[in-house]
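Asks: Got a structure here, written out as structure tokens. Questions coming.
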Amino acid sequence: MMAARGIKNVKIEYSTDGQAWIGLAAPENIVYGETADTDYPFQLAKASGENGIPATNLNTADHQPVEFHGITARYVRLTPKDSWGSENYWGLSEVVFTKQGGEEAVSAEDVEVKTTKGQLPELPAFADVTCASGSQGKKAVVWDSYDTSLCDQEGQFTVTGKIFGTEVEIRCTVTVKRPDIVNKKALLNHKKVTSVVIGKYVTAIGSSAFSGCAKLTKVTIGASVKKIGKKAFYGCKKLKSITIRTKSLTKKSVGSKAFGSISTKAVIRVPKGKAKAYTVCLRAKGVGRNVKIK
């Protein structure tokens, strides 16, 4: 989860021809969470690690959107001055332009999304709605905040929200499934993890997934793993115990330096009958001569 990131103070300009640009006027009587820059008068909300706040919303108590107040524009240009956080993480996750007016939604169709254990779901920015005349269309959704720890366990939970600018409620059913892969850089340079068990349903470990975990001492790799990315466990200098239960690893399916620079006192236990083949494979992928493979 990447929080406290993104564009902070930004200047917004618009144009009808892409040549002449006009600065969008600063919002009146607005109170930001921090002091804004007069030359970059729009202060965007920092990333919260949740999906309930669209990227262009302002850093105000109610996270109100940027208003264009009926201005005609073909192009919109954003020029940021700085970013949230101690490092320069620039960019917007999403920009949505919403046309005001028109028929008002009277109902919305509930939605469903899926995610994997430990990952936040991608809640849809728009939903199918029915208007007072009976016509149907799509309108933007503002999702409520929810307990993100619900994503750490398999099952289902519901996120509520409202159609933008209305009181029409909508629900999203989130289904959390067990992961079939460990994402690349999942725990890159993690400072606290001491042991890792790759479950029996995981089929792949991404590149640099656990690289540089300073306190990692024990790893168990499940029987369904067929691929290990490059530098997956590289630089885990305290890693002394590795149990490999899968029989599917080959030189082609294990990335370069996957086990490079682990403890020289490490012991790697492999499935019965695979010691010879795995010794050749793992030595080629960074396992030192002093490491025992049995």
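The values are calculated or read from the model by the stated rules, or taken from the named source; none is laboratory data. It should be emphasised that the depicted structure is a prediction, and the values quoted were computed from it without experimental measurement. Reconstructed Cβ throughout: ideal geometry from the backbone, glycine too, with neighbour counts over all protein chains shown.
Asks: Which of the residues belonging to the stretch 212-235 are among the small types (Gly, Ala, Ser) and either in contact with a Lys or Arg (Cβ under 7 Å, 6 or more places away or on another chain) or part of a strand (DSSP E or B) (or both)? Talk me through it step by step, then tell me what you get.
Replies: Going residue by residue through the stretch 212-235, those that are among the small types (Gly, Ala, Ser) are 212, 214, 222-224, 229, 232, 235.
If the condition is that a residue be among the small types (Gly, Ala, Ser) and either in contact with a Lys or Arg (Cβ under 7 Å, 6 or more places away or on another chain) or part of a strand (DSSP E or B) (or both), then Ala214, Gly222, Ala223, Ser224, Gly229 are the ones that fit.
Asks: Would you please name the residue that is surrounded by the most Cβ atoms within 10 Å (Cβ to Cβ), looking only at residues in the stretch 230-287 that are under 34 Å from the mean Cα position of the chain (by Cα) and at positive phi?
Replies: Lys231
Listed here are the residues, each with its yes/no results for (1) of a type in the set (Ser, Thr, Tyr); (2) out of contact with any Leu (no Cβ under 9 Å at 6 or more places or on another chain).
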| residue | (1), (2) |
| --- | --- |
| Lys8 | no, no |
| Tyr14 | yes, no |
| Gly18 | no, yes |
| Trp21 | no, yes |
| Leu24 | no, yes |
| Pro27 | no, no |
| Thr38 | yes, yes |
| Leu44 | no, no |
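Asks: Additional query: So Ile205 clears everything in (1) surrounded by 13 or more Cβ atoms within 10 Å (Cβ to Cβ); (2) not assigned by TED's automatic domain parsing to the domain that holds Lys238 except one condition, right? Which one?
Replies: Unmet for Ile205, out of (1) surrounded by 13 or more Cβ atoms within 10 Å (Cβ to Cβ); (2) not assigned by TED's automatic domain parsing to the domain that holds Lys238: (2).
Asks: Can you confirm whether the stretch 273-293 contains a residue that is of a type in the set (Phe, Trp, Tyr) and under 16 Å from Ala204 (Cβ atoms)?
Replies: Pass one, the stretch 273-293, residues of a type in the set (Phe, Trp, Tyr): 278.
Subsequent filtering for residues that are under 16 Å from Ala204 (Cβ atoms) retains none.
No, because not a single residue in the stretch 273-293 is of a type in the set (Phe, Trp, Tyr) and under 16 Å from Ala204 (Cβ atoms).
Asks: When you go through Gly155, Gly165 one by one, which is the residue that is at positive phi and touching a strand residue (DSSP E or B) at 6+ places or on another chain (Cβ under 7 Å)? Reasoning before the result, please.
Replies: Working: Gly165 fails: touching a strand residue (DSSP E or B) at 6+ places or on another chain (Cβ under 7 Å).
Just a single option satisfies the conditions, and that option is Gly155.
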